[in-house]
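S.K.: Structure provided below as structure tokens; questions to follow.
The values are calculated or read from the model by the stated rules, or taken from the named source; none is laboratory data. Remember, predicted model here, so these are calculated numbers, not experimental data. For neighbour counting, all protein chains shown are included, and Cβ atoms are generated from backbone atoms with ideal geometry for every residue, glycine included. Heavy atoms of the whole protein, side chains included, go into the accessibility calculation; ligands, DNA and RNA do not. Shrake-Rupley method; radii C 1.70, N 1.55, O 1.52, S 1.80 Å.
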Amino acid sequence: MRALIIGIGQCGTKIADLFALVDFEALAINTSKGDLEYLKHIPPDRRVLIGESLTGGKGVNANPILGREAMKRDLPMVMRKINSIIGFEDVDIFFLTFGFGGGTGAGGTPVLAQTLKEEYPDSLVVAIGALPLREEGIRPTINAAITIDKLSKIADSIIAIDNNKLKETGDDISRAYERINYTIVERIASLLALVDVPGEQTLDASDLKFVLKAFGSFATVGYAKADASRVKNLSRLIIKSFESEGLYLEANIESALYGLVAIHGPPEVLKASEIFEALDYLTGKIRGKQIFRGFYPDPREREVEVVTLLSGIYESRSIEEIVKRAKEYAKAFMEAKEEAENKKRELLRGLPDFDDIYPSTSGEEPLPDVGSQNPDRKGRA
């Protein structure tokens, strides 16, 4: 299958750059010229600067209105670049990577997603977005909630990554962000690498597209990996991939409609009884009861890798907290704004206009010539 990764904004282009590192087709779109130049793996001819007439190439300072306007203004240029990359070969899935709390990503991603849905109706559009940290405050939280609302009406699925998982790693901030970005790429890349690959039971592109075509709901990608010599019970490793420690989104997996599980490792470890024990458990746990599966015995492998995709999720604590806090922030802000406007009106009430204080010169006799009233000038030519 063919996937095109399109990174939008600072967060999104960094993720897309890592996809390019592992040989995926990738495009970077940003309002910041400096951020585009920082990329290491996406070639310069696949980096698109938008909104230069608005921002001078210096970014939008987390303002999604500017991000949206920048994308709208330069959308023809962006689509020409995408069309030139695609050529005559179909794309199965567009993955749009971005940060929910930023300006270019939050504002521009829904605009591009809508256009891609219209221009390529047979392709899926899947948003992969990083949720802001709780400590980041009002603007990123409101940006995230509004963008979630917009994308839920456009995208086929939204894969949300909760950046609050950063705080669990114990790394410094740079390494923490790098790790979570790498994790996103590792999981998606591992999944895509197994699609259409021969195995005992093969996942094909139509299986993945079916699972991801989930009505704008949320999806999450679970992952578990272990040295084959240490795997005593494969069932437990599979279950670990779709429980909280294996996911990067606090979600109620019981609300999921669809699931997909890919298992890759040495043949002697992929025991049928342990695999089906875990899959029966997952089938019984999710609401939709539909699980697609792929088994890939590989004698060259010394590790067991499990990738799990759950979609059609409508219950997520991570998402619910973002939306709840955004509503509280927005309500408090609007109340403070209204109070300030009321105080201003009360303070200034009763003041006259300039016209009430100063006489108008229109329609009145002209002021006398001061010089003509000077007695020393009388009778002088």
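S.K.: Could you tell me how far the Cα centroid of segment 111-130 sits from the Cα centroid of segment 1-62, in Å?
M.R.: 17
S.K.: Could the peptides 284-292, 337-345 be put in order, highest first, of the mean number of other beta-carbon atoms found within 10 Å of their residues?
M.R.: 284-292, 337-345
S.K.: For segment 198-269, I need the span (max minus min coordinate) of the C-alpha atoms along each principal axis, in Å, sorted largest to smallest.
M.R.: On the principal axes, segment 198-269 reaches 41, 30, 15 Å in Cα extent.
S.K.: Which whole-number percent is the relative contact order of segment 1-112 (Cα, under 8 Å, 6+ apart)?
M.R.: After rounding, I find 35 percent.
S.K.: Just need the Rg to Rh number for segment 1-83, please, alpha carbons only, Kirkwood Rh.
M.R.: 0.96
S.K.: Now for a separate question. Over all directions, how big on average is the projection of the convex hull of the alpha-carbon atoms in segment 236-357, in square nanometres?
M.R.: Quarter of the Cα hull surface area: 13.2 nm².
S.K.: Right, something else. Could you pull the accessible area for ASP196 with a 1.4 Å probe, rounded to 10 Å²?
M.R.: Here the residue's solvent-accessible area equals roughly 80 Å².
S.K.: Another question about this same structure. Summing -39500 (n - 2.57) over the DSSP H runs of n ≥ 4 in the chain and dividing by its residue number, what mean residue ellipticity at 222 nm do you reach, to the nearest 500 deg cm²/dmol?
M.R.: Computed mean residue ellipticity for the chain: -13500 deg cm²/dmol.
S.K.: Tally the DSSP beta bridges in segment 1-151 and give the antiparallel ones as a percent, rounded to 5.
M.R.: So the antiparallel bridges amount to about 5 percent of the total.
S.K.: Dividing the convex hull volume of the alpha carbon atoms of segment 156-292 by its residue count, what do you get in Å³ per residue?
M.R.: Dividing the Cα hull volume of segment 156-292 by its residue count gives 115 Å³.
S.K.: What order, most packed first, do the peptides 25-32, 273-280, 186-193 have when packing is the mean number of other Cβ atoms within 10 Å of each residue?
M.R.: By packing density, highest mean first, the sequence is 25-32, 186-193, 273-280.
S.K.: Can you give the Kirkwood hydrodynamic radius for segment 46-183, in Å, rounded to one decimal and based on Cα pairs?
M.R.: That comes to 15.8 Å for segment 46-183.
S.K.: Here is a further query. I'd like the orientation of helix 9-21 relative to the chain: the angle between its Cα long axis and the longest Cα principal axis, in ° from 0 to 90, rounded to 10.
M.R.: 30
S.K.: Tell me, what is the per residue accessible area of the chain in Å², probe radius 1.4 Å?
M.R.: Per residue, the chain has an accessible area of 52 Å².
S.K.: Translational D (Stokes-Einstein, µm²/s) of segment 97-169 at 4 °C and 1.567 mPa s when Rh comes from the Kirkwood sum over C-alpha pairs?
M.R.: This corresponds to a translational diffusion coefficient of 103 µm²/s.
S.K.: If you bin every alpha carbon distance in segment 183-233 into 10 Å steps from zero, what whole percent lands in each bin?
M.R.: Pairs per bin, as whole percents: 19, 42, 32, 7, 0.
S.K.: Using the 2.2 N^0.38 Å rule of thumb for compact globular proteins, work out how the chain stacks up: its C-alpha Rg over that value, please.
M.R.: The value comes to 1.38.
S.K.: Give me, ordered by chain and number, the residues 5 or more places off LEU124 or on other chains with an amide H under 5 Å from its own placed amide H.
M.R.: ILE93, PHE94
S.K.: Pulled fully out, how much extra length does the chain show between GLU118 and LYS33, if you take 0.36 nm times their separation in residues and subtract their Cα-Cα distance?
M.R.: Contour length minus the Cα-Cα distance gives 27.7 nm.
S.K.: Right, something else. Return the carbon/sulfur percentage of the accessible area of segment 172-219, one whole number, probe 1.4 Å, all protein chains in place.
M.R.: Of the solvent-accessible surface of segment 172-219, carbon and sulfur hold 55 percent.
S.K.: Taking Cα atoms, how many degrees apart are the long axis of helix 138-152 and the longest axis of the chain, rounded to 10 and kept between 0 and 90?
M.R.: It is inclined by approximately 60 degrees.
S.K.: Among the listed pairs LYS153/LYS225; LYS117/LYS289; LYS150/LYS337; LYS165/LYS337, give every one whose C-alpha distance is greater than 31 Å.
M.R.: Table pairs above 31 Å Cα-Cα are LYS153/LYS225; LYS165/LYS337.
S.K.: Enumerate the amide H contacts of ARG293 below 5 Å, restricted to partners 5 or more residues apart or on another chain; note that Pro and chain-start residues carry no placed amide H.
M.R.: The list, which skips near neighbours in sequence, is VAL261.
S.K.: Right, something else. Among 6-13, 84-91, what's the highest-first ranking by average C-beta atoms within 10 angstrom per residue?
M.R.: The packing order, highest mean first, is 6-13, 84-91.
S.K.: Tally the DSSP beta bridges in the chain and give the antiparallel ones as a percent, rounded to 5.
M.R.: Of the beta bridges lying entirely in the chain, close to 35 percent run antiparallel.
S.K.: Out of ALA272, LEU151, PHE24, whose Cα points farthest toward the positive end of the dipole of the chain (charges: +1 Lys, Arg; -1 Asp, Glu; placed on Cβ)?
M.R.: Of the options given, the answer is LEU151.
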